[in-house]
Amino acid sequence: MPDKLDSKWQQVLDVLTQKASDSGALVKVKDAKSNSDRIKLCYDDPFVREHLKSWVQEIVERKRFCKNKDISNQYRTKGNKAYAGANPGSALDLYTKALFYAHKDSEDVYLSYGNRSAVLLFLGKHKECIEDANKALEWSVKDLARQCRLYIRKAKSFQALGNHGEAQQSLRAARSLFPVNIDKLDPKQSKLLNEVEEMLKSVPPPADDDDSNEIASSEVVFQHLKNSFSPNSKLVGASDSVELRKSAKKGRHVIATRDIELGEIVFFEEPFTFVCLPDPSHLHCQFCCRRTYNPHPCDNCAEGSYCSSDCKTKAWKQFHQWECGAGLELCYNIGIAHLGLRVALVGLSADKERYSTVKGLLDHIDKLYPDDLYQYSLISTALVIYLKQYTDLFSGSSRQSNLSDLGGLILAHVAQLVSNGHALVDCQLSEEESPFGVCSEHQVRVGTGIYPAASMMNHSCDPSIINSFHNQYLVVKAIKFIPKGTEVFNCYGPHFRRTPTYERQEMLMGQYFFKCECEPCRSPRDFLDKFLGSRCQSCEGTIPYNTLQCAKCSDSMSLTFQQDVDKADVLLLRAKNYVKMNEHERSLEPAEEALKYLSKHFYKNNREVLECKDLIARSCACQGEFKKSATLIEECVEGARELYGSISIEIAGEILKLTDVVIRMMKRKNPDRKLYERTKVYASEAQVILKLYYGVFHPKYLDLNKNIKTLHSLHSKEVAPV
């Protein structure tokens, strides 16, 4: 079963599947003529129907996502403590939760917006601060001090954005709250009035280029991508550089109609629909997947989350009116079936031609194991039971037939998504700040979408494209030169530089039902042998990771191999624990000792060796040993180049670390001209990689550019004549 399922739900599935196996119902469902018939077989079985109804009822009665004043107040109180304790990140999250549990138009809603605006101002999220302050000011109950503080926050944010006209307007609005006779003001009100008047004096006059309607950066990026893309008139979402073809051997596949250059956009596709993974922090809009720091809650439940009122309205119309509240908790318990339901719901009102492209995707139902197909059928049946009992989706005399038809559609889409779903990923900062002065970044899956055009690409373990995302849009770029007339390949997950051959073959056959015959899979030697295997002590040859003999001289693995590797593991674990406790000086000795053991038995660019070097480099940087740190990072750059390829994101990540370390080294007046020159070359290489993967507007690309300017500035000061 794909995706994680709720343990109680899994128990229900297991009980019903075992009974179906014993009674022969498993075979009946497998042999049914249509998906609608499969749903009808499940629904018409009293034992199955009552078990599913009972589980659905249990979910509904939990009321986990119901508005609740007490819960809202608890979160707001915790938020106040976090804010007072100088923990703005936690405060922001807690105030958002308080807002989501607050009843529509209640005092709690406006208090939560006001609290959150204060945190957003502190965090420098000025547009979001203004939005929340405006929401808080909509409260009909007038309170001079509260309103004044909101206008002051707006003014500060407008000033930070360079919009002095709006800043003055906000301050004048604050000033108008006070009576003409100010003698009767209490001390707190007098202090606020003084703050307003002082700010009015200090705000510069509006400039001609003041722009209160500044385009959001997300929209700038969208337009940049759109302008870089020439759409295909026949295959919606694809560029005019490709076409869809079909053959008996390959099925549907994508061919380049002209030469495609490195970095060129091949697909820029909006999903038919998508779902966000459960996220207690509500970081992404559930309608457009835009990253948001001040999400808007659903008016009726504590889980619907959107970046704007417009997205909230559109979501309600397309799907949320049927998923609201208990529906979402139900969906969170059933894994990828949530997207199957969403596709069916959106399909009710979608353009028929667009929906037909989704229906045309392969579902491989004939290749599914009987118990998998039966469980997918049970999930789909449970969903339509919920829709029938707790929503107004079904109506009229044909209610029963509508139920089985919609259930059949959901089942078909669930089966399609096993092999056609795309993971939506976002680049997020890790919670632990790195010792280089920047936060480490990693890709996090935030949802799953269905992209009919991009799904037409076949798989290769050595793909010709990479996928990235702008909100819910899939951006597919060429990662290598693709000659005219050749096939454009995606990677369905297992990549030859990251996964051994036998694991790739097993994964692809298990999920996609085909044996991969790409070049790396046909190669008699697994690319990762050298990087995962050990080094022969006799001839320096490679002992593959899944054997005990050298591929070159046939000598057996060293008797001390396992002992030394176990020692290295213990030492590395100790070093990592010291790093977690910020005791970097104590981490160096065990980490360097571990590296000796690993270097004895593994190739220099073995994954574990590179990980160990990276750990030592971080600890050295924290101890001010920048030269040693830089040397190790350079070794990691070259190791990543050999292991992951010359334009891998791993290389860019290591180079960004290198620029951080060299900057700190140069600030200590410890110049190294040769290292500076090498770092300049590396940084240019990283610019190309980050532009390819993320684009020129991405924070990582901008961080690198900032570092390059800082390096140049520091170098200029060093060489400037005295």
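The values are calculated or read from the model by the stated rules, or taken from the named source; none is laboratory data. Everything numeric in this text was worked out from a predicted model, so none of it was measured. Positions of Cβ are generated from backbone atoms using ideal geometry, with glycine treated the same way; all protein chains shown enter the neighbour counts.
Some observations on this one:
- When region 291-318 is filtered for residues that are touching a Cys at 6+ places or on another chain (Cβ under 9 Å), part of a loop (DSSP other than H, G, I, E, B) and surrounded by fewer than 20 Cβ atoms within 10 Å (Cβ to Cβ), the ones remaining, listed by number, are N300, S308.
- Residue satisfying condition, being in contact (Cβ under 8 Å) with a residue 60 or more places away in the chain and farther than 30 Å from L704 by Cβ, within set K515, K477, K484: K484
- Against the conditions (1) farther than 26 Å from D108 by Cβ; (2) part of a helix (DSSP H, G or I); (3) charged (D, E, K, R), D70 satisfies every one except (1).
Residue-by-condition table, conditions (1) closer than 22 Å to A382 by Cβ; (2) in contact with an Asp or Glu (Cβ under 7 Å, 6 or more places away or on another chain):
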| position | (1), (2) |
| --- | --- |
| Q11 | yes, no |
| T17 | yes, yes |
| L26 | yes, yes |
| L41 | yes, no |
| E58 | yes, no |
| R62 | yes, yes |
| K78 | no, no |
| A82 | no, no |
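- Where a residue in region 21-47 is assigned by TED's automatic domain parsing to the domain that holds Q375 and in a helix (DSSP H, G or I) and its partner, wherever it lies, is modelled with pLDDT of 95 or more and among the polar types (S, T, N, Q), with Cβ under 7 Å and at least six apart: V29/S377; R38/S377; I39/S377; I39/S380; I39/T381; C42/S377; C42/T381; Y43/T381
- Residue match in region 319-336 (condition: touching a residue at least 24 places away in the same chain (Cβ under 8 Å) and either within 29 Å of H126 (Cβ to Cβ) or not assigned by TED's automatic domain parsing to the domain that holds I385 (or both)): no
- The set of residues in region 572-588 being in contact (Cβ under 8 Å) with a residue 12 or more places away in the chain and either charged (D, E, K, R) or not assigned by TED's automatic domain parsing to the domain that holds C539 (or both) consists of R574, K576, K580, E585.
- Flag: G325 matches the condition of being modelled with pLDDT under 95, crowded, with 19+ Cβ neighbours inside 10 Å and under 23 Å from K69 (Cα atoms).
- Out of D392, D426, D405, D371, sole residue that is acidic (D, E), over 27 Å from K30 (Cβ atoms) and either at pLDDT 90 or above or more than 26 Å from the chain's Cα centre (by Cα) (or both): D392
- For region 94-104, the criterion of being surrounded by fewer than 15 Cβ atoms within 10 Å (Cβ to Cβ), more than 23 Å from K388 (Cβ to Cβ), outside the structural domain of Y332 (by TED's automatic domain parsing) and touching a residue at least 60 places away in the same chain (Cβ under 8 Å) is satisfied by at least one residue.
- Subset of region 673-707 (residues that are of a type in the set (V, I, T), surrounded by fewer than 17 Cβ atoms within 10 Å (Cβ to Cβ) and assigned to a helix (DSSP H, G or I)): V681, V688
- Filtered by the rule that a residue be of a type outside the set (S, T, N, Q), touching a residue at least 12 places away in the same chain (Cβ under 8 Å), under 13 Å from C148 (Cβ atoms) and assigned to a helix (DSSP H, G or I), region 167-199 gives L171, R172, A173, A174, R175, K188, L192, L193, E195, V196, E197, M199.
Residues checked against (1) outside any helix (DSSP H, G or I); (2) touching a helix residue (DSSP H, G or I) at 6+ places or on another chain (Cβ under 6 Å); (3) of a type in the set (V, I, T):
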{"position": "L235", "(1), (2), (3)": "yes, no, no"}
{"position": "F267", "(1), (2), (3)": "yes, yes, no"}
{"position": "H320", "(1), (2), (3)": "no, no, no"}
{"position": "L341", "(1), (2), (3)": "no, yes, no"}
{"position": "A344", "(1), (2), (3)": "no, yes, no"}
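- Evaluation of Y693 against (1) at pLDDT 90 or above; (2) closer than 25 Å to F531 by Cβ (one fails), failing number: (1)
- If only residues of region 207-229 that are loosely packed, with under 11 Cβ neighbours inside 10 Å and assigned to a loop (DSSP other than H, G, I, E, B) are counted, the one that is modelled with the highest pLDDT is D208.
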